[in-house]
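Student: Here you go, one structure.
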Amino acid sequence: MNRFLSILTRFFSILTLALVGMAITASGQTSGAGSHADGTLRVGLWTLWHDKALTAAPASSASATIRSCESCAARVFSHPIQIKAASGKVIAGDGDPAASVWLGGALQLSAHGETVMLHNPVRVSARSGELVLAVTLPVESYVERVVASESGAADGPESLKALAIVVRSFALHQAHGHADYDLCDSTHCQLLHWNGASDRRAAAHSATLSTAGETLWFHGQRAAAWFHQNCGGRTAGPAEVWPGKSANAATAMPWLVSRADPYCTAHGAREWSATISLADLTAALSAAGVARPGWKTLTVARRGESGRAATLLVGSTRISAEDFRIAVGRAMGWGKILSTWFEVSRLDSAQGTQFAFHGRGSGHGVGLCQAGAAAMSAQGHDAGQILAQFFPGATVADEASGTAWQSMRAQAFNLETLDASDGQLLPQLSQALGEAESRSGLQPAGTITLRSFRSTEAFRQATLAPGWVAAFTEGNWIGAQPLRTLASRKLLAPVMRHEFLHALVESQAAPSTPLWLREGLVEAWAGDPVAKQPAPRLKLDQADRALAGADNEAQSKAAHDAAAFYAQRLLDRFGRGQVLAWLRNGLPASALAAIQ
Ligand SMILES: [Zn+2]
Ligand SMILES: [Zn+2]
Ligand SMILES: [Zn+2]
């Protein structure tokens with residue numbers, strides 16, 4: 001498992017081990033170049049740093065590998081290796097110069113005083129004496145990392161879901177102009193902090209998982225999407241921000257129109273001011289190559305439909321206002337000219353010539369306004385309504401098939417599926433939930449979501465679960481392989497009873513309740529074959545560690561066996577009512593002593 005994703009405890013269904021194993025398509029870990037088809041993206045690492053050397057080391061005691069060509073045999077290394085650029089080649093340790101080296105396993109990469117831990121393959125190549133790093137990430141890991149990096153404290157669950165869908169659409173629905181990877185990690189594409197944003201990860205994870213594989217579509221076509229911090233009260237059409245991009249971008253992308261946003265301005269427009277000297281502006285514009293030195297005047301030549309400056313007149317040179325914003329941002333930081341929605345006036349004084357800017361909004365203004373989305377989320381709008389506000393006419397659909405997810409409500413759960421005929425399975429599912437309730441004596445605390453993926457491959461790519469898993473539960477969210485597959489193997493009722501039990505137990509468990517008790521009670525009540533096995537090989541603390549992060553099927557199975565054994569002992573000795581009280585409030589030492 002990708003460690004980045006193990007935020008909420010994920011309970012795998014053990015039933016798959018014995019029974020579904022052969023039904024599940026075998027597939028290995030992703031490695032190599034990365035492509036949308038296999039559910040991965042190549043993402044540039046440290047793309048603004050211009051590093052000439054880095055150190056690669058195995059992360060903790062785990063092993064790391066290096067290959068000097070894509071099809072070469074991997075060599076395990078246990079000591080740090082220096083990798084440096086020599087014009088267009090890379091040199092790893094005392095090896096010969098090579099076009100690229102491939103790193104794999106559990107890696108710790110260090111350069112420019114920063115260290116990043118990765119469990120993903122990395123290709124290291126070089127251009128003009130600088131290292132070029134491309135990390136192969138599952139699409140969903142990429143989306144989760146970007147949502148964690150780009151979201152803020154004002155976001156709610158629904159604005160994060162909307163953002164996840166926009167981030168995924170941006171990544172998959174267009175080319176981004178990089179030769180060595182699909183996307184860079186800077187705001188040129190979408191910001192990705194490889195280390196930061198730990199406080200945002202749990203929320204980003206659930207927003208990404210609950211929208212896994214979903215992108216924006218417009219009348220059967222995949223729709224490109226953008227987002228920005230704050231539109232200042234009206235979003236921008238792409239033609240006014242990127243006039244060169246497409247002669248009639250507005251007609252080519254009719255879901256991206258300039259639109260009033262009454263939500264982000266509810267508590268006042270985001271206004272800003274900046275005063276910048278002629279000398280500083282001259283330096284910034286010549287560094288970016290947009291205007292030569294010697295100019296003395298700066299005016300807005302043309303405004304777009306939203307009111308933003310579209311074209312500026314710098315002396316006698318016409319430049320795009322967005323190019324101006326980016327040139328100043330690169331030279332002086334992004335906190336000066338926050339948007340192209342500004343007025344500018346010239347001030348002459350004894351100190352020299354200065355330009356005063358007064359503007360509103362932050363970012364390019366195209367697509368989703370994050371401030372507006374957060375305000376809508378707080379007012380109770382869902383992700384679909386948020387996206388409809390910023391991308392009128394666009395719909396949310398499955399990336400691979402273009403089909404929209406259907407939601408079918410029954411009792412206390414919501415079935416989400418792409419297959420309308422799954423509705424026939426609702427009675428069986430309701431019965432499974434009913435059995436879970438009566439065996440545990442628990443009622444759902446809120447609506448349980450059960451999402452059935454259209455194929456084993458789609459399930460793996462969307463959830464990053466291993467192929468031997470039939471279904472899993474995180475909190476009150478259940479992800480499952482196609483229900484049809486489970487039903488055809490007569491596994492639907494037992495697997496779903498097991499998963500519903502997890503959702504019920506999780507709704508009651510205190511955060512400190514050990515995993516073995518949470519898993520063990522489910523096993524005991526589910527009446528799965530493993531629960532009857534005596535004499536576990538693992539002690540309680542060993543079982544707990546293995547449940548938190550089993551590396552393989554056998555370890556996971558042993559942990560489940562042990563959890564079931566101890567939980568059954570507890571139930572036999574103390575009764576269900578007492579054990580449920582301990583689930584909520586913690587286990588006393590005397591109870592632990594009695595069952596070991
Ligand atoms: Zn389980
Ligand atoms: Zn980029
Ligand atoms: Zn807005």
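Student: Can you confirm whether the stretch 171-179 contains a residue that is over 22 Å from Leu418 (Cβ atoms), buried (at least 21 other Cβ atoms within 10 Å of the Cβ) and of a type in the set (A, V, I, L, M, F, W, C)?
Tutor: no
Student: Go through the residues of the stretch 45-68 one by one and say whether even a single one is modelled with pLDDT of 80 or more and closer than 30 Å to Val522 by Cβ.
Tutor: no
Student: Still on this structure, I have one more. With the structure loaded, tell me whether Leu312 is without any contact (Cβ under 8 Å) to a residue 40 or more places away in the chain and either in contact with a Cys (Cβ under 9 Å, 6 or more places away or on another chain) or within 23 Å of Gly237 (Cβ to Cβ) (or both) or whether it fails that test.
Tutor: yes
Student: Shifting gears a bit: Here are the criteria: (1) among the polar types (S, T, N, Q); (2) touching a helix residue (DSSP H, G or I) at 6+ places or on another chain (Cβ under 7 Å); (3) more than 28 Å from Gly233 (Cα to Cα). Tell me which single one Thr317 does not satisfy.
Tutor: Unmet for Thr317, out of (1) among the polar types (S, T, N, Q); (2) touching a helix residue (DSSP H, G or I) at 6+ places or on another chain (Cβ under 7 Å); (3) more than 28 Å from Gly233 (Cα to Cα): (2).
Student: Follow-up question, since we're still on this one. Within the set of pairs 6+ apart or on separate chains, which have a first residue in the stretch 445-472 that is touching a residue at least 12 places away in the same chain (Cβ under 8 Å) and among the polar types (S, T, N, Q), a second that is crowded, with 23+ Cβ neighbours inside 10 Å and not in a helix (DSSP H, G or I), and C-beta atoms under 6 Å apart?
Tutor: Cβ pairs passing all conditions: Ser452/Thr417; Ser452/Ala480; Thr456/Gln481; Thr463/Gly479.
Student: Next up: Can you tell me how many residues in the stretch 286-316 are in contact with a Lys or Arg (Cβ under 8 Å, 6 or more places away or on another chain) and either in the same structural domain as Val257 (by TED's automatic domain parsing) or under 19 Å from Glu240 (Cβ atoms) (or both)?
Tutor: 8
Student: Specify the residue that is modelled with the lowest pLDDT; the eligible residues are those in the stretch 560-596 that are of a type in the set (Gly, Ala, Ser) and outside any helix (DSSP H, G or I).
Tutor: Gly586
Student: Right, here's the next one. Which pairs do you get when a residue that is at positive phi, found in the stretch 164-179, comes within reach of a residue that is polar (S, T, N, Q) and away from ligand 1 (no atom under 16 Å from the Cβ), reach meaning Cβ atoms under 7 angstrom, with the pair 6+ apart or on two chains?
Tutor: Going by the 7 Å Cβ cut-off, there are no qualifying pairs.
Student: Please indicate, with yes or no, whether at least one residue in the stretch 214-221 is within 16 Å of ligand 2 (Cβ to nearest atom) and either among the acidic types (Asp, Glu) or in contact with a strand residue (DSSP E or B) (Cβ under 6 Å, 6 or more places away or on another chain) (or both).
Tutor: Within the stretch 214-221, not a single residue is within 16 Å of ligand 2 (Cβ to nearest atom) and either among the acidic types (Asp, Glu) or in contact with a strand residue (DSSP E or B) (Cβ under 6 Å, 6 or more places away or on another chain) (or both).
Student: Could you grab me the full set of residues in the stretch 360-379 that are part of a helix (DSSP H, G or I) and either within 11 Å of ligand 3 (Cβ to nearest atom) or modelled with pLDDT under 95 (or both)?
Tutor: Answer for the stretch 360-379, where residues must be part of a helix (DSSP H, G or I) and either within 11 Å of ligand 3 (Cβ to nearest atom) or modelled with pLDDT under 95 (or both): Gln370, Ala371, Gly372, Ala373, Ala374, Ala375, Met376.
Student: A follow-up question, please. In contact with a Phe, Trp or Tyr (Cβ under 7 Å, 6 or more places away or on another chain) and either more than 16 Å from ligand 3 (Cβ to nearest atom) or assigned to a helix (DSSP H, G or I) (or both): does that describe Ala203?
Tutor: no
Student: Looking only at residues in the stretch 251-273 that are among the hydroxyl-bearing types (Ser, Thr, Tyr) and within 22 Å of Ala388 (Cα to Cα), which one is modelled with the highest pLDDT?
Tutor: Only one residue fits best here, namely Tyr263.
Student: Which condition from (1) farther than 30 Å from Ala225 by Cβ; (2) in contact with a His (Cβ under 8 Å, 6 or more places away or on another chain); (3) of a type in the set (A, V, I, L, M, F, W, C) is the one that Leu172 breaks?
Tutor: With (1) farther than 30 Å from Ala225 by Cβ; (2) in contact with a His (Cβ under 8 Å, 6 or more places away or on another chain); (3) of a type in the set (A, V, I, L, M, F, W, C) applied to Leu172, the lone miss is (1).
Student: Go through the residues of the stretch 17-26 one by one and say whether even a single one is away from ligand 2 (no atom under 16 Å from the Cβ) and either modelled with pLDDT of 65 or more or within 30 Å of Ile91 (Cβ to Cβ) (or both).
Tutor: no
Student: Within the stretch 170-185, is there a residue that is among the hydrophobic types (A, V, I, L, M, F, W, C), away from ligand 2 (no atom under 16 Å from the Cβ) and touching a strand residue (DSSP E or B) at 6+ places or on another chain (Cβ under 9 Å)?
Tutor: No: the stretch 170-185 contains no residue that is among the hydrophobic types (A, V, I, L, M, F, W, C), away from ligand 2 (no atom under 16 Å from the Cβ) and touching a strand residue (DSSP E or B) at 6+ places or on another chain (Cβ under 9 Å).
Student: Here is a follow-up. Considering Leu492, Leu504, Leu483, which residue is under 18 Å from Thr9 (Cβ atoms) and touching a residue at least 60 places away in the same chain (Cβ under 8 Å)?
Tutor: Exactly one residue qualifies, and that residue is Leu504.
Student: Having 2 or more residues that are in contact with a strand residue (DSSP E or B) (Cβ under 9 Å, 6 or more places away or on another chain) is the bar; report the helices (runs of 4 or more DSSP H) wholly within the stretch 237-341 that clear it.
Tutor: By residue number, 238-241, 278-287, 321-332.
Student: Among (1) at pLDDT 95 or above; (2) closer than 14 Å to Asp180 by Cα, where does Leu109 come up short?
Tutor: All conditions are met except number (2).
Student: Does the stretch 339-362 hold any residues that are crowded, with 24+ Cβ neighbours inside 10 Å and under 11 Å from Cys264 (Cβ atoms), and which are they?
Tutor: Gly361 - this is the single residue of the stretch 339-362 that is crowded, with 24+ Cβ neighbours inside 10 Å and under 11 Å from Cys264 (Cβ atoms).
Student: For the stretch 433-447, enumerate the residues that are among the hydrophobic types (A, V, I, L, M, F, W, C) and part of a helix (DSSP H, G or I).
Tutor: Result: Leu433, Ala436.
Student: What is the one condition in (1) of a type outside the set (A, V, I, L, M); (2) over 30 Å from Thr65 (Cβ atoms); (3) out of contact with any helix residue (DSSP H, G or I) (no Cβ under 8 Å at 6 or more places or on another chain); (4) in contact (Cβ under 8 Å) with a residue 12 or more places away in the chain that Asn195 does not satisfy?
Tutor: (2)
The values are calculated or read from the model by the stated rules, or taken from the named source; none is laboratory data. Only a predicted model underlies this, so the values are computations on that prediction, with no experimental measurement involved. Methodologically, a virtual Cβ is constructed for each residue, glycine included, from the backbone with ideal geometry; neighbour enumeration extends over all protein chains shown.
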